[in-house]
Each structure stands twice: as structure tokens, then as C-alpha cells.
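Q: Here it is, the structure in full.
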Amino acid sequence: MGIGQLLQTISELLLSGEGSLVLGIAAAIGILSPFAQRYLATRKRVYFRVQSDSKIGLDVDLHDGDDGEEHADGRLIAVAELVGRLSFVVIRIRNTGGEVALRDLDEPVEFTFRDRVIWNARISDPSERTHREDLVKHLEFFSTAPESDRPAPPAELPKVRRAMLPRMLEILRPTPVSDAPPPPPQSAPPEWHGVRLKRDLTLAPKEKFKLVVVLREPVTNMKGALTKGVDGPSGRRIKDERTVRRTAWPLVTAGFGVLLAGALVAINLLIPDNAVATDPNVECATGELTIVGSSAFTPTMSGIADQYRAACDEARITVTPTGSISGVRQLNSLEPAERETVAALSDGVVGEATSELERHPVAVIVYTVVVNDSVNVEGLTRAQLRDIYQGRYRDWNELRPGPSLPIRIVGRGQESGSRRTFEQTVLGAAEGALTSDSCERTDRIPDAPTIRCERSTEAQLLDEIAVTPGAIGYADLPTAREAEEAGRAVTVLRLDDREPGVSGISAGYPLWTVEYLYTKRDPTEGSLLDAYLDFLRSSTARAELRTSGFTPCIGKDGQLHLHCHD
């Protein structure tokens, strides 16, 4: 047997039914290798993630009225000086394995904040609720000043907080009139620039908590831009979570991937294009088909269409995101002669669909609420979300302890099926008025109770949330998870204390729907639309759906999934 025949045999095996087992084993190796590296090979490991590094959020206008003159009230100037140079950092720390004593790690778990001075700190959201005070007692604050400056000795949190009071009083002290005697000089309070967890601390299995630190610029930076940046540990057993998510896979996975890639390249180079047999289960048809609708689902539908075109090269299929409602309206307006040239994707059932339209269930689509990392929450209830969207809550400090941060809503337009699903399953009402173009302030309706902007697609919505402090919105779960795992500044939230996912639907997770493909009446047998609907029920389409993170409505046995019934 020549090399070409051998490679052809291998390729046919991979594309056959038996090849599913081979590919399944390969997938298992790829999935389990990083799992073993992260959770089994080194159990004593601590991860951290800087979730926010932002200014406190209070800007004071020192100009009195419209004349441009500086405000004459010295008290306001002092307040502006106090709050204008403050910032805060939120760091999530979690133990990824079994019980670990910090003394067993290769370096201290400590953080510094460039030249910024620590004014206060606290522990937030500990997974071990009774452990909060113990964690506070294990915080130690230290100075990074050189020995020549007589740095403050290490201290615990109560001493750091006591030092904050004289700092505030010094800033807020009224300026004496010219003939008044100057106040007696006072020694400067000690300064600390870093915080560490004491080495005698032991973390329980899977324990996690957040460290919140309030900082102020040093006296050498009272006018320039606020300092940014957190320096943390980088040892073998202490990892920055954002960096870990982008590190290389274990060597066994990389080696296997290289071998598999080499084999596929060899097959493509040495075997003629027609040597690999086409899947005999694909019924090919010719013609043109345009699929419009849901922007959340069109990337996945484009992948399925690519698979069909690869098997049936005379089929021309175009997938265009227009929004669920716009897509169905376009389908409604088709002339009878055009009815088999267009199909419409919709997130859920669309009320605008006429009696002529037939809907075909494709997949279960789960959504999630997403916030910018600066928000520093991990879950909300439907009642809280309703109050946020109705303007009853306007600042995140009304929902969690911490600094002031305006709530900024990033929504979708009225043509969006994602928006309709969110309104129907969570809000029970419309999202509210469009009050902002910038997403930063109410620049469209100045007196509006909410800051609410809109973005055309889910990708644009997630981009906006990632760069806007205090932002909140919603997106389909696979896309949101992908953004979170890529290190974007977004957090996927629990809803009513339930994790988003298909497995949580039966337990009451509310934010989900069925993705439908609408057609104008049932297609003619043998048409491209008819053949493509059959292809959507195939194993190839199911694999593409699962790869994209969606649950197919049609199972391997041809039966409809529990959640896809009307």
C-alpha cells in the first residue's frame, strides 16, 4: 500500500462512523489533560484575579455657576481634594484544590499598588461565611519605602484604619486666615503600600473571597493622572487567573495536536480533493437560500451553512444578522414565488409571525446577565434586576457594600429577540427608554432615572460592557463565557442564585428560550430549503451546535428535546 492510499484510508476512517470513537478519544485527551494539570497534578495552588482597579467615582466641580470662577467655599475644595485622588482595587483569591497552608506555597500571597498609599481594606464575599473575621486577622500591611525613609513597620488592619483619620482631618482642616496663628506641626501618619496574607493562614478546599483595598495617590502625585496597576505574586503555585487562562496546554495535549495537525495537512497535500468521500447522509440540493434574523445565533448558523456548502458545492447559502423581529417581518413580506428563498432565525416565538409561517425548533439558547468586573457582584435576583431597569436602584452601592459606582445599562434594540426574551422572562416589562448614546451618562434624556444605551449586536454589547465601569447587560451564555474566559473585564452572574445553563432550567433558571428557524409554509420536497432543514437534524449540525455551546433540539434518536416542545 502506497503512502497516498494509506493516508486516504486514515481519512476515510476519521470521516466514518467508527471515526467518531477516534475523535471522541482525541477530544477526551485534549479536555482531560488541562484538567489533570490544573486540578490533579498540583493540588496546592492559589489563583488570584484583579477584578477592578478604578477611581472611587466622585468628581467634584469646583466652579461656581457659569462664570468659571473657582468655588469660594474652602470646604468643598478640601472634599474635592480628598475624594478626587482615591481609588480602589478588588482582587478575587481562590484555592483551586484541597486544603492548603500558605506556608507551603513557594512565595507570599502579597500585592502592591505602585506608589499608592493604603487607606482601608476589607474582605468581601467569603465562601466560608464564618471565616470573614479570621481572614481579616490574617491581613498584614507593609511599606515599600526604602530604609533611609524609615518605613512604617508591618501592621494589621485596625492600625491602618486608625491612620486614615488623621489623613482625612489634615486634608479637611480649614485654611486659617492670614492673621491667625498656624496650627502646630503634626507628625505624618505611617504609610503602607502593600498587603499580604499571613503565612500561617490555611484555606479550606475551594475557598474563595475578595480583597477590597482603598488607596490614595502619594503626595508626589496630587495633580497628574491616577495611578493604575497591581503587582502580585507569580510563583509556581500562585497564579494570576487571567494569565493561566491563556497559558499553553499541557505538553501531552500540544504534542497530540501537532501530530493530528500534521496528519491532516498531509492528507490535504497528498490526496486529491475528490479522494475523501462525501457524507452519504447529506441530501444535496441546488439553488439560493438567505437566512436572516437573530444576531446572537447567526455565527453558529453560518458554521452549519459552511458544513452544508462543503458537502454540496452547488448550494449558495447566505446568513445575515438582522435581528429576530426584523427577520420574521422580512419573511412575512415575501411574495409567494420567493417563499423558499428566505428563512428567518428567531430567539423564541415572534408575535409578528403570521399564520403562514412555520417554525422549526433548532436549539435551546440560554442567556445570562453580564456586568463589568468593576461592579463586584456575582449574582442578582429578578426583583433586583426589575428595580435596576426601572431606576429604583441607580448606584451599585445600593446593592452591595463598597464605593459609589453608577449603574449603566447596555441593552439591545427593539428588533432583538434576545431583548424580547429578557423582557418576557426576567423583567415582565419593557427595558425602558433609550437615554444615552455614550453609555456613560444620560446625554439623550438628562433627567432620566436610568443610564441606558443600546448596541446593535451581542458582540458590540459585550465590547461596551467590558470597557464601561458599572455596566450591565445580557448575552447568550456561550458568547458571554467566551468573553469572560478570554480575560475580558466581564463577569457572568448567577440569577436567583442559580447558575446559567441548560441543566438549571428544570430547577427554575428563567433566562432562556428556543431558537427557531421560520419558513413561509412548509418547503417543497427537493428544494434547497427542504434539504437544509433536514441537514439541521443531522449529526453534523448537532456537532456544530454543541461546539458553539448550544443544546440541539433534535437528538440523535430523532426525538425532540424536553425544552423544545411548544
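Q: Compare the Cα positions of Val362, Ala486, Gly428 along the charge dipole of the range 362-502 (+1 at Cβ of Lys, Arg; -1 at Cβ of Asp, Glu; about the Cα centre) and return the one farthest towards the positive end.
A: The residue sitting farthest along the positive end of the dipole is Gly428.
Q: Continuing with the same structure: Using the alpha-carbon centroid of each, what span in Å lies between the range 344-389 and the range 104-129?
A: The range 344-389 and the range 104-129 have Cα centres separated by 37 Å.
Q: How large is Rg over Rh for the range 341-440, taking Rg from the Cα atoms and Rh as the Kirkwood inverse mean of 1/r across Cα pairs? Could the numbers behind the result be given before it?
A: Working: Rg = 16.6 Å, Rh = 15.9 Å.
Using Cα coordinates only, the ratio equals 1.05.
Q: Given a Förster radius of 35 Å and the C-beta distance between Arg167 and Asp497 as r, what FRET efficiency does 1/(1 + (r/R0)^6) yield to the nearest 0.05? Mind showing how you got there, number by number?
A: On the way: r = 40 Å, r/R0 = 1.13.
Calculated value: 0.30.
Q: Ok, one more. Tell me the label-point distance for the pair Glu283, Val467, using the 7 Å Cα-to-Cβ offset, in nm and rounded to one decimal.
A: 4.8 nm
Q: So how far apart, in nm, are the two label points at Asn120 and Leu334 if each is 7 Å from Cα heading toward Cβ?
A: 6.2 nm
Q: Between Ala204 and Arg441, what FRET efficiency follows from the Cβ-Cβ distance if R0 is 56 Å, with the result rounded to 0.05?
A: On the way: r = 43 Å, r/R0 = 0.78.
Once rounded, the FRET efficiency stands at 0.80.
Q: Here's another thing I want to ask about it. What is the calculated FRET efficiency for Arg386 to Ala188, with r their C-beta to C-beta distance and R₀ = 60 Å, to the nearest 0.05? Each step should come with its number before you reach the end.
A: On the way: r = 49 Å, r/R0 = 0.82.
Efficiency at R0 = 60 Å is approximately 0.75.
Q: Near Lys208, which lysines are there with a Cα under 21 Å away, not counting those fewer than 8 places off in the same chain?
A: Lys44, Lys137, Lys198, Lys239
Q: For Asp306 and Glu358 in the same chain, what is the full-extension length gain: residue separation times 0.36 nm, less their Cα-Cα distance, in nm?
A: Working: separation 52, 0.36 × 52 = 18.72 nm, distance 2.40 nm.
Once the chain is fully extended between Asp306 and Glu358, it gains 16.3 nm.
Q: Largest first and to the nearest Å, give the Cα extent of the range 366-512 along each principal axis.
A: Principal-axis extents of the Cα atoms in the range 366-512, largest first: 42, 34, 29 Å.
Q: To continue, here is another question. Could you check the spin-label model distance between Ala543 and Asp566? Points 7 Å from the Cα along Cα→Cβ, value in nm.
A: 3.3 nm
Q: Compute, for the range 366-512, the length of the dipole vector about the Cα centre, with Cβ point charges of +1 (Lys, Arg) and -1 (Asp, Glu) only. Units Debye, rounded to 20.
A: 320 debye
Q: Something else: Net charge within 14 Å of Lys520 by Cβ-Cβ distance, Lys/Arg positive one each and Asp/Glu negative one each, not counting Lys520 itself? Show your work: numbers first, answer last.
A: On the way: positive: Arg329, Arg339, Arg359, Arg521; negative: Glu335, Glu338, Glu340, Glu352, Glu356, Glu358, Asp522, Asp530.
Net local charge, Lys520 excluded: -4.
Q: List the pair-distance distribution P(r) of the range 458-566, using every Cα-Cα distance, as the percent of pairs falling in each 10 Å bin from 0 up to the bin containing the longest distance, rounded to whole percents.
A: Percent of pairs per bin, in order: 12, 34, 31, 18, 5, 0.
The numbers here are math on the coordinates, done by the rules we state, and not lab data. Note that this is a predicted model, so its numbers are computed, not measured. Please note: Cβ atoms are built from the backbone with ideal geometry, for glycine as well, and neighbour counts cover all protein chains shown.
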